Amino acid sequence: MATHAGLSAPALGRGGVPAAPPVASAQANLFSPRGADGWQHGSQSDAEKQFSRCAAKLRALRADSRQLREELNQLFDQRFLITLSIFVFPFQDVCTLLKHASGLVPLSQEHLVIKLCQLMHHLLNQLKVIMDEQTLDVLVNYTASALKLCSTWTHSDVLLALSTIVYGNGSQCHQHLSDLLVEDGVLLQYSAPSQPNMELRRVALICMANICLRIPGQPLLDDKYKSVCFGVFLKTLQSPRPLDTDELFYCLVIQAALKGLQCCLSSGKWKFGGGEELGSVLATLKRLMFQAVPGVNVEWPSVLYPAPLPQYEGHSAPKPAEPQKPSGPPKDKKSRGKGKKTGTEQSRGDDGEEDDRVAVSASQKGGGGEFMSKTAAPSLYPSWKVNSSDSEFSDAEGNAQSKLRIYHGRVRQGALHCLQAVVKGVEKRTLYGYWSSFIPEAPIGGRPSLTLLTIICKDPSPKVRECALQVLSAMLDGSRQFLAVAEDTASPRTSYTPLSFSLATAVRELHRALSLALLAETAPQTLTQIIKCLAFLVANAPYHRLRPGLLSPLWKQIRSYVRYRDANVRVSVLTLYGALVTTQAPLPEVQLLLQQPDSGGGSSSGSYTPQDSALSWRQRCGESSPSHTPGTPSKRSSHTHSPNALRTLTGEDSAPPWLLQLCVSLVTQPREEQSDSEGGGMGAGAVLEPSPVRVEALQDKMQLMCITVLLGLTYSEKHLVKTAAVRALGVYILFPCLRKDVMFVADTANTVLTALSDRSPIVRAKAAWSLGNLTDTLIVIIVGVDIQEELSDMLLLKMLQAATRGTTDNDRVKANAVRALGNLLHFLRQSQLTKSTFQPPLQDAVHALVQTVQSEGTMKVRWNACYALGNAFKNPALPLDSAVWSCDAFSALCHVVTSCKNFKVRIKSAAALAVPTRRGCYGDTERFGCVWHSLATALENSEDTNDFLEYRYSASLRHTLSHALLHLLSISQSEDMPALGASLESEEGKAIKEHLLRYLRAEEGGGEGAEGEKDTGGNSFNTEQRIGRLQLTLTRLRELKAEGEGGGGGEEESGKEVVLRFLEDLLKTCEEQ
């Protein structure tokens, strides 16, 4: 169990003003003592001895001692006990001390109760103690009892101690939460908006937030308690500030409520209630995102609706705005002048919460100044200059306005953190309806709407801007399917604005605003986030459907940041370039940019050669290194380690793209510092991921150079570099120009197998992904290239064993390991499967797939495992009819197709059951009948689900199941007729007939996620093809009946009659309608 103060703020001073701003560190790492003995090595000092003496005195005290009160007062008053943050003590000793002290202090001695609660708070908070269950129960019980029996004036300190105790341990305190969080419980009383004591209200909210906080590894809090807390937090944020409450102190209350709301949204999957709850939360957060932002004074809605309603997006209500138009421009001028004056006067008291961004003149931007002067509204650009130091308060005598401005910034920051949690927790499709509230979808003109872009371009705090960029990145991540509708190549209709044009306008506005933010930003962390956000935008926007011209300015603008002093900025730039060169390849605009010469302008426009950029923060071997003289060339200045080697490999007259030169120089030249090594490796992995078209365009020597560099980087000691290189190989192996090279396939396989045994889970995950891609390649080239003969049996055996071991790793490795197993089982030949060396690994591989299918792991892993079994069944050399493991494989798929709650997993298992093309693959009649009954049962229950999100796949499930049942009928034999006839003659047969009719008529179509027909080869069948296949099945069974005449077997004959009547009636019904 973990205990931190986390969300709690320091205790108030006597004057009622916080002694220091609250520290919200819910993401703080759990404390673990150094050294096996639980003590920090080399820290033996008088402090530890004094702690031991104090602890000994406490343990020696007895509750019946006459001088107990005086001795406790003396011990608690020692400042030593509450200033232990720099020392390390065993957790068990601290827990023992606090438990013993709580048994000595009676609740009637309220002054001692306060001192003990302060001691609990400071010890648990500063030492970050991990408590055992007994200590947790004792301390929670003590503080809860104090809240019931002690006077109200003590409750502030008691609640502060309780909040520290329950930090991340809320799920372990059920017996106490039933008292604390009931309708008349103390926490709900003190956290209510009607509570006049703001200190009690703030601490109660902190306590509830810490209860809702979930630390990884801890069980989830009961939903009923989480819902109660969620309602309190939301009600607090929606309530107005009492008139008699200090604004600065009320900011602390709002911060506590925001942190609690974030804990609720982040601890497991949060389900919003019906009606307008989601819209209400979004409206509240949007209002707080703009709290106290200069120039923003609007009437905010109480609910945001999915439909883009204009009345909720303007700066003010439509009608009241008319009379104020004449006075608008003078107020704007006055506001800008006042802001500039205030920023200058307050420049020493803002300490990192506001930055030194100023409006950049047109002369400083070259051609960009004119663009800004026409499009950027004054309210979207800051015009004040403040200090950007990192201290909390650079001026100890800073006035209240400076502190208030910082506290308002933290409220905005907390609101954005909550919004990010909503974005990550709500389904993408649901969130798309609210995009217009946070991303403008209207052409630029007039006063801009209040969106995330307003904060990114205007907010004076770099931390708030960074949070807004993180939210925008989360919204853009995975939005490719939604943005794919965007298009502005044709003129929009005048009667209405289609969604495609609105989304295209939103993409252009995102480019415009982020470009302006990039020009004005000076904080390295925020600058990094801007470039990352641009990378998400580029990776998801459909530029092939938009008018050209968006990528070229961005390409040129970010080029100057390749030489930026901060390594994180350089890495993000390379990531953005990686997204640009892989955008809807081959995109003509990007092809032209890649072909541009290195030296395309002067330094004023940000252009320079890659060699110059390398010189600015990399030492070029043999030229500028101080350890080498011109007369003594370095060994590293060979062709394999010099940027000039690229020109040598490709010829003097055909220089490679400058971006490729830059990437190679980053990973081959010596580094100046550690951060450069990390950044270069990460960036190289992102950029060295070109499209197949561009790789094929390179000469053979250039391709060989790229492969050689990547293979070498997989042996780097830096796991980030190794991860990027392994992933790049996984991309390269899919390219048609490279996958036919058997030597490259073998080299990649050996490299990936080595990476699969790496200690880093990130490296193993990427290696498993690359192994899956490699085995996908084997299946693709199995026809036309005799690679089965050229790859050694030993290499294939190692790949099979490595993939099997990967199924016991974490889910990211497991998901791709089972994919690789399915491909390998599909790829192996008869001569390999019959070898004795392959028999045990083959059985282990199938057993691993069966275990994964039946596991309770993530649905993606189980889906991949079902797909892998179906993939393996496609191998005609696999002995499905005689292998011992065959029964287990079919049983696992039959179990999943009827019981798995995830319909996509059911679909894939049903498709796998329909893969074998021979009746013998299904085994005896009992196993065949089990498969039939499982598919029929799954078809009957295809609409039974409590999850609406799964219901959308029900049509696809029925489609796949119907195809599988008809497939079984098409390969059935005489011995199967009794079981089939009994099924079709019962009530089960009536349900089957109804669904098969829909399938044959194609009434439901393939649906989302449909499988089966494509797995058996070819495209999906139309109605005529399905009926034709049914006629062939009927003809075959009739012939089978004729062959069986006179052979005896009355049950088989009667069963055949039932099956034939069923199919004839089915066919007749289809032809009639």
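The values are calculated or read from the model by the stated rules, or taken from the named source; none is laboratory data. Keep in mind that what you see is a predicted model, and the values were worked out from it rather than measured. All Cβ positions, glycine included, derive from the backbone under ideal geometry; neighbour counts span all protein chains shown. Note: accessible area is taken over every heavy atom of the protein model, side chains too, but ligands, DNA and RNA are not part of it. Shrake-Rupley method; radii C 1.70, N 1.55, O 1.52, S 1.80 Å.
Split the accessible area of region 794-852 by element, probe 1.4 Å, and carbon with sulfur accounts for 52%. Shape of region 106-186 from the C-alpha gyration tensor: oblate (a/c of 1.5 or more and a/b not above b/c, with a ≥ b ≥ c the square roots of its eigenvalues).
With 32 Å as the limit, the listed pairs LYS556/LYS740; LYS901/LYS990; LYS740/LYS908 have LYS556/LYS740 beyond it between alpha carbons. Reducing region 179-242 and region 896-917 to their Cα centroids gives an inter-centroid distance of 45 Å.
Pairs over the 31 Å Cα-Cα cut-off, from the set LYS718/LYS874; LYS532/LYS860; LYS835/LYS904: LYS718/LYS874; LYS835/LYS904. Counting Lys and Arg as +1 and Asp and Glu as -1 over every other residue whose Cβ lies under 15 Å from the Cβ of CYS887, the net charge comes to -3.
Placing unit charges on each Cβ (+1 for Lys and Arg, -1 for Asp and Glu) gives region 102-158 a dipole about its Cα centre, and among SER145, GLN126, GLY103 the Cα reaching farthest toward its positive end belongs to GLN126.
The share of C-alpha pairs in region 730-877 whose separation exceeds 24 Å stands at 25 percent. Which Cα, out of VAL745, VAL726, MET799, lies furthest along the positive dipole direction of region 712-821 (beta carbon charges, K/R +1, D/E -1)? Value computed over the given set: VAL726. Surface calculation, 1.4 Å probe, protein heavy atoms: TRP435 sits at approximately 10 Å² accessible. In this rough spin-label picture, where each label sits 7 Å from Cα along the Cβ direction, the SER302-GLN74 distance is 6.1 nm.
Residue ranges 239-248, 284-293 sort as 284-293, 239-248 when ordered by packing (mean number of other C-beta atoms within 10 Å per residue, highest first). Packing here is the average count of other Cβ atoms within 10 Å per residue, and on that basis the peptides 403-414, 1059-1070, highest first, run 403-414, 1059-1070. Put simply, region 801-858 fits an ellipsoid with semi-axes of 22, 10, 9 Å; these come from the alpha carbon gyration tensor as the roots of five times its eigenvalues, largest first.
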